[in-house]
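Worksheet: one structure, shown below.
Please treat every number below as a calculation from the coordinates, not as lab data. Since this is a predicted model, take the numbers as computed values, not measurements. Please note: Cβ atoms are built from the backbone with ideal geometry, for glycine as well, and neighbour counts cover all protein chains shown.
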Amino acid sequence: MQKLMGNAVYGGIGRGVMKFFHREEVVISKARVGDTLRELRRFAYARNEVVEELKHLYSQAVDEVGEDEAQIFLIHQMILDDNQYVNSMEKLILNDHSNAEFAVVRTVKLFSKMMEETSTESEYISERIADIRDVSARLLRHLQNRDEQVFKLEEMSIVCADDFLPSETIMLDKSKVAAICTSYGSTNSHTAILARTRGIPCIIGVGDDLKDELENKYCIVDSYSGIMYIEPDNETSKLLDHKEAIEGRKRELLTRLRGRKNITRDGREIEVLANICDLTDIESAKVNDCGGIGLLRSEYLYLDKEDYPNEDVQFYNYRRVLTEMQGKPVVIRTMDIGADNELDYFGLDQEKNPALGFRSIRVCLSRPEIFKTQLRALFRASVYGDLRILFPLIIDVDEIVKIKEIINEVKAELLRDGKQFKDNIPIGILVETPAAVMLSDLLAEQVDFFSIGTNDLEQYSNAIYRHNPQFEKICPANRICVLRMIKMVCDNAHAHGIKAYICGELGADTNFTEVFLDLHVDGLSVTPTNILPVRKTIRSLNLSDRRQVRQNIQKHLKC
Ligand code: PEP
Ligand code: MG
């Protein structure tokens, strides 16, 4: 058995024989044409043919995957109408006496280079370049009078390729495609989107090991985990059967809960949101039908870099989350650097106890220029959705006063620079230190919401480092402590008319969902895979019996 790994795009198990797709190699050579007007007519004819073909593909895609995903073929038509794109080819024909085929190839090169140089949003740009290539390949085919390449599948297949162009994916015969796996490409490519929409298990970016010599080998694709099992042994095959059954039950649950409110049987509603680290988690949040993003740990944007990500890179990332969430709330926590997340380029001093040291908001307040870059990016992105900003590791009111001063400076700068932003972005704090709990009445006067970070809160209140193996023993034995703190924070929040959420891991523990509701927690933000079990639990509860609520609080909080 051989195992290959890549990025999972659409969760599922697919079984079949590996079949490799190869795009026809097309050789285009430069030729000098004498009759440029005739060449222009040839080009215009091919272009019209492509437009007609794209119209047909658009209606086919609307029927198969719906209007949203079919948009790609409208975009391709727009590319064919783009003056710059068309002029570039016409000029090459007219001025350089270039043959139309060469003009197409040259234009694709010029456009790709120009787009790569002018944008920092590399993933987005590679998608746009893939679109231009796709349309241009179609143009070339018509110019050369070639038939559309058909990838015929005779049996259930794991379709493999370097990468697919959007139109190649739509042409696949779905009834024979058990899974799609590519060596390259991004999880946000149209191939990925189409696979997702068509419900085809899909793994992207498997790398160079996905090669032709595997043709015709039997393979099971586990696109929940992004693993291809080539010629799997019996045990693996059985394990995957089991996994498929479990995931199938989850999917059934999702179908039942999708679009439904998180409401108890007696009518108490509670928000259930997703904790995510970066853009790759958005899909999982959406697939699990989250009510929004309750915690985006923005430091992940800083972690895999050699240097500070600039304002534009951050802006594009935040904007992307907001647009993907389509108006649902998105809580972005400002960078929580230090402690476990040390980064060389921050140049922080080595400390004996980093978890108790110079980290998080402390770093931001002492390096306002870095903090301001992030805030500028966040404020600029705010116009794209319902953004809320969360500040970590707060221990006193002064910190909030300083944060607000910096926010005012950022707003003044953005106004001066003519950048758009929302003026009234809600700001909240992570209540994750005992200090913040004890001062929660004062802090509630300063902010728009609380989010209780039980991971750090338990670490600091029980005086046990969260990565110490004893943490899992000590904290559960003393849950009364954190539950009492949650009560205090909720009471103080509500007394000041603001909401209190939980975003630490404890929020996903369904053994406590009932007591969280008894304590009037307003929302739970949990890892995407925990969303459904939490929602299911909420919908099974009935809190109408006041006596039972009191007993439950007494049982868990001893008060
Ligand atoms: C927490 O401390 O509970 C929290 C949500 O933040 P993190 O786990 O990122 O420290
Ligand atoms: Mg924390």
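Between Ile474 and Ser366, the simple spin-label model (points 7 angstrom out along Cα→Cβ) gives 2.5 nm. Projecting the Cα atoms of Ile227, Leu110, Leu443 onto the charge dipole of the chain (Cβ charges, centred on the Cα centre) puts Leu443 farthest toward the positive pole. Only Lys, Arg, Asp and Glu carry charge here, each on its Cβ (+1 for the first two, -1 for the last two); on that basis region 243-313 has a dipole of about 900 debye about its Cα centre. Helix 311-324 and the long axis of the chain differ in direction by around 90°, with both axes built from C-alpha atoms. On the beta carbon distance between Lys305 and Glu235, with R0 = 45 Å, the FRET formula returns roughly 0.65. The calculated 222 nm mean residue ellipticity attributable to helices in the chain amounts to -15500 deg cm²/dmol, summing -39500 (n - 2.57) over DSSP H runs of n ≥ 4 and dividing by all residues. Subtracting the Cα-Cα distance of Arg258 and Glu342 from their residue separation scaled by 0.36 nm leaves 26.3 nm. Where in region 65-104 is the amide nitrogen less than 13 Å from a point lying 7 Å along the Cα-to-Cβ axis of Met114? Zone members listed by number: 82-92. A Förster radius of 56 Å, combined with the Cβ-Cβ distance separating Asp147 from Tyr124, puts the computed FRET efficiency at roughly 0.95.
Each of Ser540 and Asp173 was given a label point 7 Å from its Cα along the Cα-to-Cβ line. The distance between the two points is 4.5 nm. Let me make sure I get this right: for region 36-143, a, b and c are the square roots of the gyration tensor eigenvalues over alpha carbons, sorted descending. Under 1.5 in a/c it's rounded, otherwise prolate if a/b > b/c, else oblate. Which is it? Cα axes put region 36-143 in the oblate bin. Couplings 3J(HN,Hα) for region 475-489, derived from phi with the Karplus relation 6.51 cos²θ - 1.76 cosθ + 1.60 (θ = phi - 60°), are 5, x, 5, 10, 5, 3, 4, 5, 5, 5, 5, 4, 4, 4, 5 Hz, where x marks Gly and Pro. Each Lys and Arg contributes +1 and each Asp and Glu -1, all at the Cβ; summed about the Cα centre of the chain, the dipole is approximately 1580 debye. Estimated at 0.36 nm per residue, the fully extended path between His242 and Gln551 surpasses their Cα-Cα distance by 107.3 nm. Applied to region 177-185, the Karplus parametrisation 6.51 cos²θ - 1.76 cosθ + 1.60 on θ = phi - 60° returns per-residue 3J(HN,Hα) values of 9, 7, 6, 10, 9, 10, 6, 10, x Hz, with x for Gly and Pro. Full extension of the chain between Val397 and Gln326 yields a length gain of 22.2 nm, computed as 0.36 nm times the residue separation minus the alpha carbon distance.
Between helix 546-557 and the chain there is an angle of about 90 degrees, using the helix long axis and the longest principal axis of the Cα atoms.
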